[in-house]
Each structure stands twice: as structure tokens, then as C-alpha cells.
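What follows is one structure encoded as C-alpha cells, with my remarks underneath.
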Amino acid sequence: MSKFYLFSTGNKIKHQGHIFIMLLLLLSIKSYSINSSETILPSFPLISAPVLSTAFFHLLLTLLGTLIVICTVIIFFSLKLKRVNRELQERNKQIFDINLDLQRTNSELLIQKGLIAKEHYESDKFYEMLVHAATDDISFYDRDWNLKYTNSALYSMIGLDRDSNNSLDPSTLFHSEDHEYLLKRDQALSNNGFFESELRLRHKQGHYVNLSTRSVTVRSDIGEVLGALTISRDITRLKQVHEDFIKASVEADASNRLKSSFLANISHEIRTPLNSVVGFSNLLLANDLTIEVKEEYIENINHNSEKLLQIIGDIIDLSRLESSQIEITYEETSLNQIVNEIIEEARQDIRRNEKSIILNVKNQFEDNGDLIFTDRIWLKRVLNHLMDNAVKFTLDGSVEFSYMLEKENIAFKIKDTGIGINNENLGRIFEEFRQEIDGHHRPFEGLGIGLTLAKEVVERMGGKIFVMSEKGVGSEFSFYLPYRPAGSTKTKFKSLGNNQVLATLNWSSRKCLLVDDNKDVLIYLNRILLDTGVTIITARSGSEAIEIIKITPDIDVVLLDMQMPEMNGIQATKEIRKIRKNLPIIAQTAFIFEDDKDIILEAGCDACLIKPIRKDHLLTVMSSFVKSD
């Protein structure tokens with residue numbers, strides 16, 4: 001463009017110079033014509049040489065002058081043209097430089113445009129990745145509620161892909177109780193500009209997903225409504241946790257109420273027999289009592305003492321169940337003997353309460369096969385709980401106890417004609433602290449843990465327990481245990497107590513060391529052993545017992561309390577073993593957990609007696625270590 005401009009400008013100057021020269025020639029000719037018109041024209045044919053020479057000379061001068069003018073003009077315009085050309089060249093160079101700058105700038109602009117486009121693309125891609133990486137559903141709808149954009153979270157929540165979801169009517173996925181969701185959303189957005197609610201959508205697998213949704217109206221800069229943005233979060237797990245928390249809270253409240261009721265019951269259950277023990281013990285102090293009256297008082301004291309021991313045992317066993325510390329110990333046992341003991345105790349209970357109850361026993365078990373391997377103590381306690389309940393809740397009528405062999409199980413059934421249980425309470429009758437009637441107005445005693453213990457023990461012995469009952473008609477409790485016949489197989493554990501009452505014992509040449517920091521226990525044990533003739537030495541501490549053993553080498557047996565100040569029974573046992581390795585040591589303790597017994601035996605004790613210590617049990621255990629004279 002600049003070159004064309006320079007070329008056209010130069011040509012224009014040259015044409016102007018030519019025109020100017022032609023004008024000068026015309027002016028010269030005209031001047032000459034005017035000056036010589038009088039001489040030349042009239043006498044053209046008669047021209048003389050001098051005149052012609054003068055005219056020619058004038059013409060020549062005129063032409064020379066014209067030429068000089070022309071040359072001058074040409075030189076002037078040439079110089080001007082060079083100057084213009086130089087200016088044009090400089091201008092052309094400037095324009096060329098400007099063009100180079102423009103090209104560089106254009107190139108830089110193109111690069112910047114590419115960078116901006118790349119950055120914009122990467123930014124869009126980044127935000128798109130962020131949106132798609134979100135676990136919450138992010139959806140945008142236009143003013144007509146057409147879905148314009150959504151991430152993949154919604155599809156993963158309900159188990160569908162994008163195409164399957166788009167082909168469905170969204171309302172078909174709603175829960176039957178959430179069909180007004182769309183109407184409520186539209187009204188709220190129109191009135192308030194936002195809407196929050198919960199929504200349940202049907203999953204592909206059939207279950208419902210709980211969503212927490214929030215919708216807001218989207219407007220342009222001038223306030224025009226563009227559509228709505230909805231964010232939905234899956235709160236199914238959170239709802240479940242919340243419901244579980246509420247359920248646990250309700251259960252905790254119920255448990256607290258049950259425990260409060262249990263504490264009230266236990267206070268009543270302990271104080272009632274304790275009142276009889278204390279009361280009849282005080283009555284025994286009277287001097288005018290006959291032997292029959294004393295025996296009656298003593299029987300009441302023994303009976304209520306057994307009730308106290310059973311209550312305390314049940315409470316301790318419950319704690320052992322909760323800490324999984326109950327162990328089943330199998331030994332060879334006569335099933336008929338256990339049943340006979342249970343029936344005899346039940347008859348005594350019926351007589352004591354003066355109830356008109358007929359007690360029937362159906363033994364369908366083979367007499368020659370009644371020797372089985374089982375945990376005698378726990379089996380007897382389960383049967384005791386069931387029989388006690390049958391007698392307690394039967395005012396009159398009958399109680400039937402039956403046991404038989406069914407295939408590979410022993411079946412026990414206890415049926416009564418008592419008050420029965422409502423159907424709605426059968427499902428929770430084995431729960432701890434549960435009684436059909438709670439509070440101070442309940443007509444029957446009990447802690448509400450007997451059936452819980454029975455169920456847990458039966459299941460740990462490999463059996464199952466069941467109940468059938470009808471209110472006002474009666475109840476039937478039954479349970480099954482695996483039949484383990486006793487034969488030549490040796491028992492895994494040896495029971496220390498065999499419930500044998502030794503008629504006569506003569507230990508007059510024997511010595512027994514009693515170690516206990518409690519004076520009353522020492523007096524009680526002295527009185528039990530008095531009839532055996534054994535020589536008794538007492539000590540009130542572990543260190544005192546060790547000193548006595550050092551100076552008395554002929555001691556035959558030691559009854560050692562485990563809980564004493566300064567040196568306890570475990571420490572004393574280890575020290576005694578350093579002095580006399582084979583001296584029989586019988587521990588006496590109020591701790592009844594299996595771990596405690598294991599620790600006692602591992603320390604070096606030969607046997608373990610659980611307080612309160614009964615006379616027959618003590619004599620039986622001592623007979624294993626002390627020989628009669």
C-alpha cells in the first residue's frame with residue numbers, strides 16, 4: 001500500500017511538470033506571434049534574410065529562455081521530488097516498522113489468546129472435575145424445569161446411568177409420601193427464592209434413598225430468572241445412625257428405668273429375708289423357748305439365709321454373664337439325683353407357703369442311663385429357677401415336671417396351671433430385669449433375672465429354651481440339652497463337693513491352722529471342727545501364719561483366707577510353699593469368679609471354698625486331705 005502511494009505521488013508530480021512546460025511553450029509562441037505579427041505575416045512571401053535572421057534569433061532566444069525556464073522548473077521539481085521521495089522513504093520505513101510492530105503485536109496477541117483460551121479451558125475443566133467429583137448432586141434447571149446440567153452423583157445415588165434416568169419421569173422415583181415435593185418446591189421458590197426439604201427416591205435395587213435437598217432461584221444481573229440450582233445430599237446412612245441413636249437412647253432410658261426398678265426390687269428382696277434372719281435370731285435369745293419353737297426359728301433363719309445367698313448369687317452371676325466369665329464345667333452326674341433334689345426343695349417350698357399344689361414328676365429317662373456329663377451346679381440352678389417360678393406363680397392347681405430322652409437331646413418340661421403370661425410379654429420374658437408387673441403393686445417377689453440366667457446358661461451348654469403360655473391358663477417352660485452319656489471317659493474337671501454327709505470323723509491326732517482376720521469366721525470354723533477332735537491353731541494374719549508354720553512342723557492342713565491386710569492369701573501361700581512344699585492349703589474366699597479361682601489354685605492352694613462355708617462342704621473337702629484315726 002505504501003509503495004503504491006509513493007509511485008502515484010511521483011507520477012502526479014511528473015505530469016504536473018509536463019503540463020507546466022507545455023504552458024510555457026504556448027506562452028512563448030503567443031508572445032512571439034504578437035511581437036512579430038506586423039512584420040512576418042503580411043510579407044511572408046517577401047521575407048528578407050536580415051529579417052528572417054532576426055526573427056530566428058528572437059525565436060531562438062525565446063526557445064532558449066523557455067528551455068532555461070523549463071530546466072529550472074525541472075530542476076526545481078526534481079529537487080522537490082527527491083525531497084518528497086526521501087520523506088516518502090522515511091515515511092515508508094516508519095510504516096514498515098509500524099507494520100513489523102503490528103505483526104509482532106498480532107503474534108503476541110495470538111499467543112496470549114491461545115494461553116487465555118487454554119487457561120479458560122483448563123479452568124472450565126477444573127471446575128467441571130470439581131463438580132463431578134462432588135458426592136452431592138448438583139443440578140441446574142431452566143425456567144421450565146428442564147434439566148440443563150447435572151453431575152454424576154445423583155445417578156450413583158439411585159443406581160442408574162444418565163440415559164436411564166433421563167428416560168424416566170422423576171416423579172415415578174418418589175416415595176408415595178413425597179409426591180407433593182415438586183409442588184412445594186415450586187411454590188417456595190416462587191415466594192421465597194429457596195426451598196429445603198428431604199426426599200426419598202427409589203433405588204434401582206428397590207430400597208429408598210434419603211436425600212437432603214436445597215433449591216435456590218438463579219437470576220441474571222438485571223434480576224431476570226434464569227432457572228434454579230438444586231443440591232442434594234445422600235443422608236441415608238446419617239438417618240440410619242440418627243434412628244439407631246434414638247433407638248439406643250430409648251433403650252438406654254428403658255434400661256435405666258429397669259435398673260432403677262431392679263435396685264428397688266433388690267432392696268426389697270434382700271431386706272425381706274434379712275428381716276427374718278435378724279428377727280428370728282433375736283427371738284432365739286429368749287430363755288423360755290421350747291425345742292420345737294427353737295427348731296422352727298432356726299428353720300426360718302436357714303431358709304431365709306438360703307434366699308439371701310440365692311439373691312446375691314443371681315446378682316453376681318448376672319455380672320458374670322455380662323462380662324462373659326461363666327464357664328461350663330462338665331463332670332459325671334446322676335440326672336435322677338439332681339431331679340430328686342429339685343423336687344424335694346419344691347415340695348418344701350409348697351409346704352412352707354401352704355399352697356394346695358399337686359406336684360407331679362414324669363421320669364421317662366432310662367434309669368441305667370441317667371449318668372451324664374454336665375455342669376451339675378448350673379443345671380440344678382436352671383431347674384431351680386424354673387421350678388421356683390412355677391410354684392410361685394401357681395396359687396393352686398398343679399405343677400408337672402418331666403424329663404426324657406429325645407433323639408440326641410435331653411428334654412426338660414415344667415408345666416403349671418398358674419396365672420400365665422400375656423402374649424405381648426412372651427417375646428421379652430427372658431430379658432433381664434423384666435417382669436410382667438413392675439413397681440410396688442406387683443404381687444410376686446423376684447428380681448427379674450432368673451429366666452435371663454436360665455436362658456444364657458442353657459445356650460452356653462449347647463441347648464435351647466422355649467416358653468408357651470396363656471393368660472389365666474398356665475405356662476410351660478421347656479429346654480433341651482445335648483445328651484452326653486457318662487461311661488469310661490474321664491471327667492475334665494473334678495468336683496470337690498460330693499454332697500456326702502460324713503457321719504463320724506476322728507481327727508484327734510491332727511492339727512489344723514485357721515487363718516482369717518475376721519474373728520467371727522474363726523469362731524464359726526472352730527465350732528464346726530469342734531466335734532472332729534482336731535487340734536485348732538488360729539492366726540489373724542498371713543505373716544503370723546508363716547511364723548506358726550515355721551515353729552510347728554506337724555500341722556496337717558491350713559484353712560487360709562485370701563483377703564487379709566498387709567499380706568494377702570496369695571502371698572502367704574507362696575511363702576508357705578517355700579517352707580513346706582506338700583502342706584495341704586485350702587483357700588476360703590468370697591470371690592467366686594473363675595479367674596479368681598484359677599489364680600488361687602495357680603498360687604499353690606490345693607482347694608478353694610466359697611463363702612459362706614457350709615459344715616458338710618468343709619468337712620467333705622478336708623476329708624480329702626486329712627485322714628481319720
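Under the criterion of Cα pairs below 8 Å and six or more residues apart, the relative contact order for segment 188-309 equals 15 percent. Label sites at residue 255 and residue 527, each approximated as a point 7 angstrom past Cα along Cα to Cβ, lie 4.4 nm apart. Between residue 240 and residue 87, the C-beta separation translates, for a Förster distance of 60 Å, into a calculated FRET efficiency of about 0.10. Only protein heavy atoms count here; on that basis, with a 1.4 Å probe, residue 400 has an accessible area of about 50 Å². Quick check: from the Cα gyration tensor, does segment 575-629 come out rounded (a/c under 1.5), prolate or oblate? Since a/c reaches 1.5 but b/c is at least a/b, the shape of segment 575-629 is classed as oblate. Counting Lys and Arg as +1 and Asp and Glu as -1 over every other residue whose Cβ lies under 14 Å from the Cβ of residue 529, the net charge comes to +1. Fully extending the segment from residue 616 to residue 602 would add 2.5 nm, taking 0.36 nm per residue of separation and subtracting the current Cα-Cα distance. Solvent exposure of residue 213, expressed as accessible area, is near 10 Å², computed with a probe of 1.4 Å over the protein chains only. When peptides 506-519, 461-474 are sorted by average Cβ neighbour count within 10 Å, with the highest value leading, the order is 506-519, 461-474.
For residue 305 and residue 69, calculate 0.36 nm times their separation in residues minus their Cα-Cα distance, and state this gained length in nm to one decimal. Provide the component values of the computation, followed by the final result.
Working: separation 236, 0.36 × 236 = 84.96 nm, distance 16.09 nm.
Gain on stretching residue 305 to residue 69: 68.9 nm.
With a 1.4 Å probe and all protein chains in place, put 617, 58 in order of accessible area, largest first. Numbers along the way, then the final one.
Working: 617 70, 58 95 Å².
Ranked list, largest accessible area first: 58, 617.
For segment 278-321, which whole percent of the accessible surface, found with a 1.4 angstrom probe, sits on carbon and sulfur atoms? Don't jump to the answer; show the numbers that get you there.
Details: 1570 of 2690 Å².
For segment 278-321, the apolar C and S fraction of the accessible surface comes to 58 percent.
The heavy atoms of residue 257 offer some 150 square angstrom of accessible surface to a 1.4 angstrom probe.
Extension gain for residue 353-residue 625 works out to 93.7 nm (0.36 nm per residue, less the C-alpha to C-alpha distance). By accessible area, using a 1.4 Å probe on protein heavy atoms only, segment 135-237 has 47% of its surface on carbon and sulfur.
Ordering of 402-408, 102-108, 197-203 by packing is 197-203, 402-408, 102-108, highest average first (other Cβ atoms within 10 Å, averaged per residue).
The values are calculated or read from the model by the stated rules, or taken from the named source; none is laboratory data. This is a predicted model, so every value here is computed, not measured. Here Cβ is always computed from backbone atoms with ideal geometry, including for glycine, and neighbour counts include all displayed protein chains. Areas reflect the complete protein model, heavy atoms only, side chains present, ligands, DNA and RNA absent. Shrake-Rupley method; radii C 1.70, N 1.55, O 1.52, S 1.80 Å.
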